[in-house]
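Encoded as structure tokens, the structure appears first; notes follow it.
The values are calculated or read from the model by the stated rules, or taken from the named source; none is laboratory data. The model shown is predicted, which means the values in this text are computed figures rather than measured ones. FYI the Cβ positions are ideal-geometry reconstructions off the backbone, even for glycines, and counts take in every protein chain you see. For accessibility, only protein heavy atoms count, side chains too; no ligands or nucleic acids. Shrake-Rupley method; radii C 1.70, N 1.55, O 1.52, S 1.80 Å.
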Amino acid sequence: TDLRRAIYFDTSQLAVVFQPIVDLRDLSLIGFETLARWKHPEKGWVPPDQFIGIAEETGMIVPLWNFVFAEACRHLVHWQRLRPPGATPLFVSVNLSAVQFFYPGLMRSVGAVIELTRIDPAWIKFEITESGLMENAEAALQQMESLKSLNCTLAIDDFGTGYSSLSYLQKLPVDDIKIDRSFIMNMHKGSENREIVRIITELGRILGKRVIAEGIETELDLHVLRQLHCECGQGYYFYKPMLPEAAEALVLERTRQMLAHEPVQA
């Protein structure tokens, strides 16, 4: 009931936070992952794992996702204007749960936000979990092709934790593969774990997919991933999820560094 009130009647309780994604080679900022947060008027910040499931079960994930997506696009359009002329555009990643991904009105919602914010669809990346895709692989393929027709990009999230086959991975029109944080956390605990990360990275290269590592928390994580030629990453070692004001400040800082040709430090 409280969540319904927040989504339908008091969206000031809802917040959108952004976790920066960087190029692991030079630590340049390349985009943000968007995450939903809920500040309950009495309980304070409610962890996502306590309200996202409820939103999915009740159907409230649809208006919640629409709010998050619209806010992400609105902010990114503004931030792109702060970037130097000729700079590679940033992207914003938005998660799609299986419920939202297979929602019949998804394309209509996406189109409406694109038209409202006037965002370039090429700046939008949709992340779908591997297990979510495999719930109905044929329907997932059709939905992904529809999103690609808008010129959006697609990523498989939490790769390696689901049950997708290589044959389907070849068919799916995805641009990025995101290595699940559990593999990054365990890659120092034995050669087998590190080898899994290497194989996923190599698989991405063979299939022409960009690979993004999640959950980078230490300098050693970064060092190993660079050795394995993983291209991009995100995690607390670089930045925690931040409110829009902090994300904008980061964009301005990176813009200043680019104009001054200053190196970026993690």
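Would you check which residues across region 231-240 are touching a residue at least 24 places away in the same chain (Cβ under 8 Å) and part of a loop (DSSP other than H, G, I, E, B) and list them? Steps first, answer last, please.
Applying the first criterion (touching a residue at least 24 places away in the same chain (Cβ under 8 Å)) to region 231-240 yields 231-235, 237-240.
Once the filter is applied, which keeps residues that are touching a residue at least 24 places away in the same chain (Cβ under 8 Å) and part of a loop (DSSP other than H, G, I, E, B), region 231-240 yields Glu231, Gln234, Gly235, Tyr237, Phe238, Tyr239, Lys240.
A quick yes/no check of all residues on (1) closer than 30 Å to Arg118 by Cβ; (2) hydroxyl-bearing (Ser, Thr, Tyr); (3) free of Cβ contacts under 8 Å to residues at least 40 places away in the same chain; (4) out of contact with any helix residue (DSSP H, G or I) (no Cβ under 7 Å at 6 or more places or on another chain):
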{"site": "Gly160", "(1), (2), (3), (4)": "no, no, no, no"}
{"site": "Lys171", "(1), (2), (3), (4)": "no, no, yes, no"}
{"site": "Met185", "(1), (2), (3), (4)": "no, no, yes, yes"}
{"site": "Gly190", "(1), (2), (3), (4)": "no, no, yes, yes"}
{"site": "Ile212", "(1), (2), (3), (4)": "yes, no, no, yes"}
{"site": "Thr218", "(1), (2), (3), (4)": "no, yes, yes, yes"}
{"site": "Arg226", "(1), (2), (3), (4)": "no, no, no, yes"}
{"site": "Thr255", "(1), (2), (3), (4)": "yes, yes, no, no"}
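Could you please find all residues in region 228-263 being of a type in the set (Asp, Glu) and surrounded by 16 or more Cβ atoms within 10 Å (Cβ to Cβ)? Explain how you work it out, then say what you get.
Pass one, region 228-263, residues of a type in the set (Asp, Glu): 231, 245, 248, 253, 262.
Glu231, Glu248, listed by residue number.
Please go through region 112-144 and give me each residue that is modelled with pLDDT under 95 and over 15 Å from Val94 (Cβ atoms), ordered by number.
Across region 112-144, the qualifying residues are Glu130, Ser131, Leu133, Met134, Glu135, Asn136, Ala137, Glu138, Ala139, Ala140, Leu141, Gln142.
Name the one entry in Glu42, Glu57 that is acidic (Asp, Glu), open to solvent by 50 Å² or more (accessible area, probe 1.4 Å) and within 24 Å of Met134 (Cβ to Cβ). Before the answer, list the steps.
Details: Glu42 fails: within 24 Å of Met134 (Cβ to Cβ).
Just a single option satisfies the conditions, and that option is Glu57.
For region 134-168, what are the residues that are hydrophobic (A, V, I, L, M, F, W, C) and either under 19 Å from Val110 (Cβ atoms) or touching a Leu at 6+ places or on another chain (Cβ under 7 Å) (or both)? Even if it seems obvious, please write down each step before you answer.
From region 134-168, those hydrophobic (A, V, I, L, M, F, W, C) are 134, 137, 139-141, 144, 147, 150, 152, 154-156, 159, 166; that's our starting set.
Selection gives Ala139, Ala140, Leu141, Met144, Leu147, Leu150, Cys152, Leu154, Ala155, Ile156.
Mind checking which helices (runs of 4 or more DSSP H) fall wholly inside region 1-117 and carry at least 3 residues that are more than 24 Å from Leu147 (Cβ to Cβ) and touching a residue at least 12 places away in the same chain (Cβ under 8 Å)? Even if it seems obvious, please write down each step before you answer.
Numbers: elements: 2-8, 48-58, 61-82, 98-101, 106-117.
Of the helices (runs of 4 or more DSSP H) lying wholly inside region 1-117, those with at least 3 residues that are more than 24 Å from Leu147 (Cβ to Cβ) and touching a residue at least 12 places away in the same chain (Cβ under 8 Å) span 2-8, 48-58.
Looking for whichever is at pLDDT below 90 and within 18 Å of the chain's Cα centre (by Cα) here; the options are Gly160, Gly190. Which one fits?
Values: Gly190 fails: within 18 Å of the chain's Cα centre (by Cα).
Exactly one residue qualifies, and that residue is Gly160.
Between Ile196, Ile156, which is open to solvent by 60 Å² or more (accessible area, probe 1.4 Å) and over 22 Å from Leu27 (Cβ atoms)?
On the way: Ile156 fails: open to solvent by 60 Å² or more (accessible area, probe 1.4 Å).
Of Ile196, Ile156, the one residue that is open to solvent by 60 Å² or more (accessible area, probe 1.4 Å) and over 22 Å from Leu27 (Cβ atoms) is Ile196.
Taking only region 1-39 into account, find how many residues are open to solvent by 20 Å² or more (accessible area, probe 1.4 Å), of a type in the set (Ser, Thr, Tyr) and touching a strand residue (DSSP E or B) at 6+ places or on another chain (Cβ under 7 Å).
Residues that pass the stated criteria total 1.
Just wondering, is there one or more residues in region 69-87 that are within 18 Å of the chain's Cα centre (by Cα) and open to solvent by 70 Å² or more (accessible area, probe 1.4 Å)?
Of the residues in region 69-87, the ones within 18 Å of the chain's Cα centre (by Cα) are 69-77, 79-80.
Within this subset, residues satisfying the condition of being open to solvent by 70 Å² or more (accessible area, probe 1.4 Å) are 74.
Yes, region 69-87 has at least one match.
Where in region 152-230 are the helices (runs of 4 or more DSSP H), entirely inside, with at least 3 residues that are among the basic types (Lys, Arg)?
Working: elements: 166-171, 181-186, 191-207, 219-227.
Per the criteria, 191-207.
Taking region 123-148 only, how many residues are touching a Pro at 6+ places or on another chain (Cβ under 7 Å), open to solvent by less than 60 Å² (accessible area, probe 1.4 Å) and free of Cβ contacts under 8 Å to residues at least 40 places away in the same chain?
Within region 123-148, the subset touching a Pro at 6+ places or on another chain (Cβ under 7 Å) is 123, 144-145, 148.
From what's left, open to solvent by less than 60 Å² (accessible area, probe 1.4 Å): 123, 144.
Applying the additional criterion that residues be free of Cβ contacts under 8 Å to residues at least 40 places away in the same chain yields 144.
Count: 1.
Of these, Asn95, Asn151, which one is buried (at least 19 other Cβ atoms within 10 Å of the Cβ) and within 25 Å of Gly208 (Cβ to Cβ)?
Values: Asn151 fails: buried (at least 19 other Cβ atoms within 10 Å of the Cβ).
Being buried (at least 19 other Cβ atoms within 10 Å of the Cβ) and within 25 Å of Gly208 (Cβ to Cβ) holds for just one of Asn95, Asn151, which is Asn95.
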